[in-house]
Amino acid sequence: MDNILYNVQRQGKISFYHGEEASIVGSAAALGPNDEVLGQYREMGVLVWRGCSIDELMAQCLSTERDAGKGRQMPVHFGAPRFHFHTISSPLATQLPQAAGVAYAIKRDPARRGVDCVACYFGEGGWDSGKGPGYGIDTIRVDGNDALAVFSAVTEARRRAVAESKPVLVEAMTYRVGHHSTSDDNNPLHRMRKFLELQGWWSLEEEDSLKASQKKAVLTAFQKAEKDLKPSLTGLFTDVYSDEDTPWNLVEQRKELRDLLKKYGDAWEPYRTERAKFKGHGNDL
Ligand SMILES: Cc1ncc(C[n+]2csc(CCOP(=O)(O)OP(=O)(O)O)c2C)c(N)n1
């Protein structure tokens, strides 16, 4: 998925893409299925772990009419209520106070208190060094390129959060593996593969065949999403306010766009090309 979407981004077909880190999958495996997740932007692995389909992920990245977020977010800013995955906010660290609010809501809900917890992901850009102990927060530092070590750390962190109702900071020491970098011994995927092979649970043949089938599945989903229409242009103006409460400036902007498309929509080539990509071709405005 990362390899293909990086290339798609470099071809200018999507505006933005961020790679993922293996520590995400190790931590996702340690969470309960109903734990609320607030990510930074590298947490697609949590969604994959929870069963989100490649088609759904592609629809979001390519902003198609099938996207649950109606194509309004930048690529990788996923949001999926049925996977308890809160929509990513672009400004760094905003997920932290949001996560505290979600945790408080869980604490207030007798059915969820002591059952579910919140996992909030952030990079070092969203915090200050030494912050966990400085705030009196239990802190675990773990090798973030070792999925099993992350799994153990997050299992314990989750246990404390749920049983003792307190926050825990897990510092996963990791770095992004470039998408063509395959020869690095610290590559978390290599390490996991070697571990599985040593246990006799996995082989090079299975690895190659899985890689080939996954590549095919991702490419098929990409090609399908590329052909899908984008959501209708009306969506630019709906859902934030009710129809009766739509502010005058939005009404005015909608009319301006409608008039522009009426006047130049067929005459001007860039408008013509772009209009064709949207459901309703802008006629719904
Ligand atoms: C408040 C805010 N400032 C700046 C940015 C631009 N920005 C996006 S990602 C990023 C770097 C974040 O670094 P880190 O938290 O270490 O995560 P990484 O991408 O390295 O995993 C910056 C500065 C932003 N999104 N929000």
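The values are calculated or read from the model by the stated rules, or taken from the named source; none is laboratory data. The model shown is predicted, which means the values in this text are computed figures rather than measured ones. When we count neighbours, we look across all protein chains shown, and the Cβ atoms used for this are built from the backbone with ideal geometry, even at glycine.
In region 86-102, the residues that are touching a residue at least 24 places away in the same chain (Cβ under 8 Å) reach residues that are more than 14 Å from the ligand (Cβ to nearest atom) and in a loop (DSSP other than H, G, I, E, B) with C-beta atoms within less than 8 angstrom, at least six apart or across chains, in these pairs: 86/79; 88/78; 88/79. Of everything in region 35-56 that is assigned to a helix (DSSP H, G or I) and farther than 28 Å from residue 127 by Cα, the residue that is farthest from the ligand (Cβ to nearest atom) is 55. The residue list 126, 144 contains one member that is among the small types (Gly, Ala, Ser), within 23 Å of residue 33 (Cα to Cα), within 16 Å of the ligand (Cβ to nearest atom) and touching a residue at least 60 places away in the same chain (Cβ under 8 Å), which is 144.
For residue 133, the stated conditions do not hold, so it cannot be described as out of contact with any Cys (no Cβ under 7 Å at 6 or more places or on another chain), at pLDDT 95 or above and either surrounded by fewer than 20 Cβ atoms within 10 Å (Cβ to Cβ) or farther than 30 Å from residue 2 by Cα (or both). When region 15-34 is filtered for residues that are part of a loop (DSSP other than H, G, I, E, B) and either buried (at least 20 other Cβ atoms within 10 Å of the Cβ) or within 16 Å of the ligand (Cβ to nearest atom) (or both), the ones remaining, listed by number, are 15, 16, 17, 18, 19, 20, 21, 31.
Here residue 174 meets each of (1) of a type outside the set (Gly, Ala, Ser); (2) modelled with pLDDT under 95; (3) more than 16 Å from the ligand (Cβ to nearest atom) with one exception, condition (3). Picking from residues in region 105-123 that are more than 18 Å from residue 23 (Cα to Cα) and hydrophobic (A, V, I, L, M, F, W, C), the one that is nearest to the ligand (Cβ to nearest atom) is 117.
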